[in-house]
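Here the structure comes first, spelled out in structure tokens, and everything after it is commentary.
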Amino acid sequence: MVLDAREDARLKWGVGFTLRRFYDALMELGSPPLGLVGEAVRAG
């Protein structure tokens with residue numbers, strides 16, 4: 001799920017994508033169920 005969300009972020013954010021940005025957005029969510037990982041992409 002995380003890898004799928006990471007790929008979604010890469011597509012959505014384009015040149016603005018970095019692993020750091022993705023994982024920062026993911027960590028800002030705290031400890032949500034993995035099914036909500038897509039929020040990291042939408043919020044970032």
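The values are calculated or read from the model by the stated rules, or taken from the named source; none is laboratory data. A quick note: this is a predicted structure, and the numbers were derived from the prediction, not measured. When we count neighbours, we look across all protein chains shown, and the Cβ atoms used for this are built from the backbone with ideal geometry, even at glycine.
Annotations
- Residue within the stretch 4-21 that is polar (S, T, N, Q) and modelled with pLDDT of 90 or more present: yes
- Tabulated pairs, the stretch 15-30, first within 13 Å of VAL2 (Cα to Cα), second outside any helix (DSSP H, G or I) and not charged (D, E, K, R), C-beta under 6 angstrom, 6+ apart or interchain: ALA25/GLY44
- Any chance ALA40 is assigned to a helix (DSSP H, G or I), surrounded by 15 or more Cβ atoms within 10 Å (Cβ to Cβ), at pLDDT 75 or above and not β-branched (Val, Ile, Thr): no
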